[in-house]
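A quick write-up on the structure given underneath.
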Amino acid sequence: MQSQMAYRIIEEMIVTLRIAPGSRISEKSLNKTLGIGRTPIREALQRLALEGTVKILPRAGVIVSEIDLSDQLKLIEVRREIEKILAGRAARIADEQARNTFRNLAKKFEQAAAQNDEKIFIVTDREFNSLVSATAQNSYATHAIGPIGAQTRRFWYLHFKRFGDLRQVCKLHAAIATAIADCDEALARQASDALMDYVDWYTRRTLEALL
């Protein structure tokens, strides 16, 4: 469905800061950039507005929302529980094909860690998040995590080069992928918690430096 494709592409551009907070965007410019019709782009922007990622202002167009520093720890608190549910369910019910894919993703995360390669991580993380949601088969958790994950990832992408540790993030993701591949639900939930412990620490460290 084109509106879903438009949503995923535009959200990724915003999350990875290819479209910066506060930027003004339009259906026309996105139509030219993405080669997708204006109707699906409009539907995607409306969905992003409902999630708080953009603001649609009368006679002013569409503006990418600023990153609210004060909300980050609240978002992490909720994200922790939802991602733990998704990781645990994925480990419990993953079929052989999914388990093999998770093993390959773990290797890619390890490669990104070894090479300290941001591009490999971004591509692998996108595939990992999609596979966890698809494998867990819990649409309520998937719908809930979407906007929360987008906001916390925007914060991470904005500041990780100053305050983050890409190698550590890659290793923590690899641990979750490996646990799911091994069908170890308890370990998958534990590994998810470990990642969120790091995200919480990183966020607090960054906020202390910025505020």
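Where a number appears in this text, it was derived from the coordinates with a stated rule and is not lab data. A quick note: this is a predicted structure, and the numbers were derived from the prediction, not measured. Glycine gets a Cβ as well: all are built from the backbone with ideal geometry, and neighbour counts include every protein chain shown.
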Quick one: grab the alpha carbon gyration tensor of the chain, order the square roots of its eigenvalues as a ≥ b ≥ c, and give me rounded if a/c is under 1.5, else prolate or oblate depending on whether a/b is larger than b/c. prolate
Got the relative contact order for the chain handy, in percent, Cα pairs under 8 Å and 6 or more residues apart? 27 percent
Label-point separation in nm, R204 to A49, each point 7 Å along Cα→Cβ: 3.9 nm
Whole angstrom only: what separates the Cα centroid of region 26-82 from the Cα centroid of region 100-148? 21 Å
Checking the cross-link filter: which aspartates and glutamates have an alpha carbon closer than 15 Å to that of K55, excluding same-chain neighbours under 8 positions apart? E11, E27, E43, E66, D68
Within the chain, helix-based [θ] at 222 nm, where runs of 4 or more DSSP H residues each add -39,500 (n - 2.57), nearest 500: -26500 deg cm²/dmol
Can you pull the one-decimal nm distance between simple spin-label points at Q168 and S70, each 7 Å off the Cα toward Cβ? 2.8 nm
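Roughly how compact is region 2-64, stated as its Cα Rg over 2.2 N^0.38 Å to two decimals?
Numbers: Rg = 10.3 Å, N = 63, 2.2 N^0.38 = 10.6 Å.
Here the Cα radius of gyration is 0.97 times the empirical estimate.
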FRET efficiency, M5 to D184 (Cβ-Cβ, R0 45 Å, nearest 0.05): 0.85
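To the nearest µm²/s, what D does Stokes-Einstein give for region 23-99 at 37 °C and 0.692 mPa s, using the Kirkwood radius over alpha carbon pairs as Rh?
Values: Rh = 15.5 Å.
Rounded, D is 212 µm²/s.
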Can you tell me the Rg and Dmax of region 121-197, counting just the alpha carbons, in angstroms? 12.8, 36
Under unit Cβ charges (Lys, Arg +1; Asp, Glu -1), what dipole magnitude, rounded to 20 debye, does region 144-187 have relative to its Cα centre? 480 debye
Neighbour-count ranking [beta-carbon atoms within 10 angstrom, fewest first] of H173, H143: H143, H173
Using 0.36 nm per residue, how much length does the chain from S29 to E118 gain when fully extended, once their Cα-Cα distance is taken away? 29.3 nm
In Å, what Kirkwood hydrodynamic radius results for region 167-206 from the alpha-carbon pair distances? 10.2 Å
